[in-house]
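Reading through the structure tokens given below for one structure.
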Amino acid sequence: MRLNLFPLLVIAVVLFVVLNLSAGLIWVERRLLALWQDRYGPNRVGPFGLGQILADSIKLFTKEDWIPPFADKPVFILAPAIVVATSLISFAVVPFAPGFVIADLNIGILFLLAMSSLGVYSVVLAGWSSNNKYSLLGGIRAAAQMMSYEVFMGLSLLGSVILAGSFRLTDIVEAQRGLWFVVPQFLGFILFLIAGVAETRRLPFDLAEAESELIAGFHSEYSGMKFGMFFVGEYIGVILVSAAISLLFFGGWLGPVLPPALWFAVKTMFFICLFILLRAALPRPRFDQLMSWGWKVMLPLALVNLLVTGAVVLARR
Amino acid sequence: MLSLVRSLWEVFRHTFARRVTVQYPEQKAYLSPRYRGRIVLTRDPDGGERCVACNLCAVACPVACISLQATEDEHGRRYPEFFRINFSRCIFCGYCEEACPTYAIQLTPDCEMGEYKRQNLVYEKTDLMIDGPGKYPDYNFWRVAGVAIGGKDKGQAENELPPVDTHSLMP
């Protein structure tokens, strides 16, 4: 009986933690941005302004949920669900602590990449079904951006895969017991970080939304909880990429003294804060700059990194 | 690339910088005595109304938010029967204060006038009148004005000589 119930328990815990964390990130992001801009941010509702999370949720839930009459209705409704669903499904393969994982797939990384690729459908469909030129432009941009950055996202983490000799995330973490992969794979880490930011369409690479150019890009026509789904989906993506970075390059749950799950949480939280710092500090590149960076700089670097790592591993064998 | 890293570092250093926010309801920003806020009607040092209901403030007001009705008391002193300022219209330009010949109407450094009902922003004379002389503590219009009112004839005001008797030949 216990064997049957344990995965359900894990699923419940993961869903609870991830969804609450992604809602809480609204507050974390606003407070951190304020901190770096010498302000306070939301500090009035409840202790430290934590009630702001609840207030924001209530606001999103009670706002008018309007579907424009010119929109392609079924697709319009489906699009925000896809981004949340794919991001949440990705958490199935994320090991939070030894044994505490929903599905310990032997192709965990491929599953992760596949799900994050599916996320692009959400953006494109949202942009298309809104029947609005700005939304469409946002959708097209997002598609081009995510496709190009996915290419070297996969390649950049293959270095870790080669070193660990496995696609299974738990194996990769265990392989870092002696040395975190960030040391031999520093280039891979940087490449993966940049690709991760682009993949979640976070601020230096938020050309799909680009307020100053495209109103709100692909979600211009969305309101109420449908907009909230994109919002939450983005934060889940941030958590996912941060978790992936800490798993692939920073030894996941490995660490002294503290319990494994806490180590994992600390590392993930660190990268979430890094994401927010990137947002606070960096300007948005032009679209052609983004593209040429992706194809002309990052992709060759990722290939070289893969080649060198493979050569070194072969030579040492 | 290096400049991006440097700007990341610069922004991160702001973690330890002092925050510039003034936590408003608890901490208040300094408003100078000449701040143009809530309008008041002041009194003479002896407690009488300064306003002589000349209507200059109402004329000067660019949004026509002041309305008043002049009347006289038994001594022939003019004063407003009612004096009404609609603060939902007032733009706090201070022209009324500049126009006032008796320093009666004055703007004060108070801007916390929020109301839930618009009607509550219409201030009557009782709401506007304060007990003190405001920014001009020693000024008393009726003591320096050359107007004759009950209890004070021409030439009896401060720093004033009796009027010249044009029928007399004496120097």
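In the stretch A:128-142 there is no residue that is surrounded by 21 or more Cβ atoms within 10 Å (Cβ to Cβ), over 21 Å from A:Gly217 (Cα atoms) and either charged (D, E, K, R) or over 15 Å from the mean Cα position of the chain (by Cα) (or both). Of all residue pairs spaced 6 or more apart or on separate chains, those with beta-carbon atoms under 7 Å, a first member in the stretch B:39-67 that is within 21 Å of B:Arg77 (Cβ to Cβ) and a second member that is of a type in the set (Ser, Thr, Tyr) and outside any strand (DSSP E or B) are B:Val40/B:Thr108; B:Thr42/B:Tyr103; B:Arg50/B:Thr42; B:Arg50/B:Thr102; B:Arg50/B:Tyr103; B:Cys51/B:Thr102; B:Val52/B:Thr102. The criterion of being away from chain B (no Cβ under 14 Å), open to solvent by 70 Å² or more (accessible area, probe 1.4 Å), at pLDDT 90 or above and out of contact with any His (no Cβ under 8 Å at 6 or more places or on another chain) holds for A:Leu307.
Scanning the stretch B:3-25 for residues that are more than 7 Å from chain A (Cβ to nearest Cβ), closer than 17 Å to A:Leu274 by Cα and of a type in the set (A, V, I, L, M, F, W, C) gives B:Val5, B:Trp9, B:Phe16.
In the stretch A:101-117, the qualifying residues are those that are surrounded by fewer than 18 Cβ atoms within 10 Å (Cβ to Cβ) and touching a Pro at 6+ places or on another chain (Cβ under 9 Å), and the one that is farthest from A:Phe6 (Cα to Cα) is A:Asp104.
Within the stretch A:1-44, the residues that satisfy the criterion of being over 18 Å from the mean Cα position of the chain (by Cα), open to solvent by less than 80 Å² (accessible area, probe 1.4 Å) and more than 14 Å from every other protein chain (Cβ to nearest Cβ) are A:Phe6, A:Pro7, A:Val10, A:Ile11, A:Ala12, A:Val13.
The set of residues in the stretch A:272-289 that are within 20 Å of the chain's Cα centre (by Cα) and more than 14 Å from chain B (Cβ to nearest Cβ) contains only A:Ile272. Scanning the stretch A:46-97 for residues that are among the aromatic types (Phe, Trp, Tyr) and in a loop (DSSP other than H, G, I, E, B) turns up A:Trp66, A:Phe70, A:Phe96.
Cβ separations smaller than 9 Å between residues 6+ apart or across chains give no pair from the stretch A:174-199 residues that are more than 17 Å from A:Leu112 (Cα to Cα) and open to solvent by 30 Å² or more (accessible area, probe 1.4 Å) to residues that are in a helix (DSSP H, G or I) and among the charged types (D, E, K, R).
Checking each residue in the stretch A:257-283 for being open to solvent by 70 Å² or more (accessible area, probe 1.4 Å) and touching a residue at least 60 places away in the same chain (Cβ under 8 Å) picks out A:Pro259, A:Arg279, A:Pro283.
One line per residue, one yes/no per condition, for (1) in contact (Cβ under 8 Å) with a residue 60 or more places away in the chain; (2) closer than 16 Å to A:Val161 by Cα; (3) surrounded by fewer than 17 Cβ atoms within 10 Å (Cβ to Cβ):
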site	(1), (2), (3)
A:Val93	yes, yes, no
A:Phe96	yes, no, no
A:Gly99	no, no, yes
A:Gly119	yes, no, no
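With respect to the conditions (1) more than 12 Å from A:Gly138 (Cα to Cα); (2) at pLDDT below 85; (3) not basic (Lys, Arg), A:Ser242 lacks only one, and its number is (2). Within the stretch A:284-298, the set of residues being open to solvent by 30 Å² or more (accessible area, probe 1.4 Å), out of contact with any Ser or Thr (no Cβ under 7 Å at 6 or more places or on another chain) and under 15 Å from A:Phe192 (Cα atoms) comprises A:Trp293, A:Val297.
The values are calculated or read from the model by the stated rules, or taken from the named source; none is laboratory data. Only a predicted model underlies this, so the values are computations on that prediction, with no experimental measurement involved. Note: ideal-geometry Cβ built from the backbone for every residue, glycine included; neighbour counts use all protein chains shown. Protein only, heavy atoms only, side chains kept; ligands, DNA and RNA dropped before computing areas. Shrake-Rupley method; radii C 1.70, N 1.55, O 1.52, S 1.80 Å.
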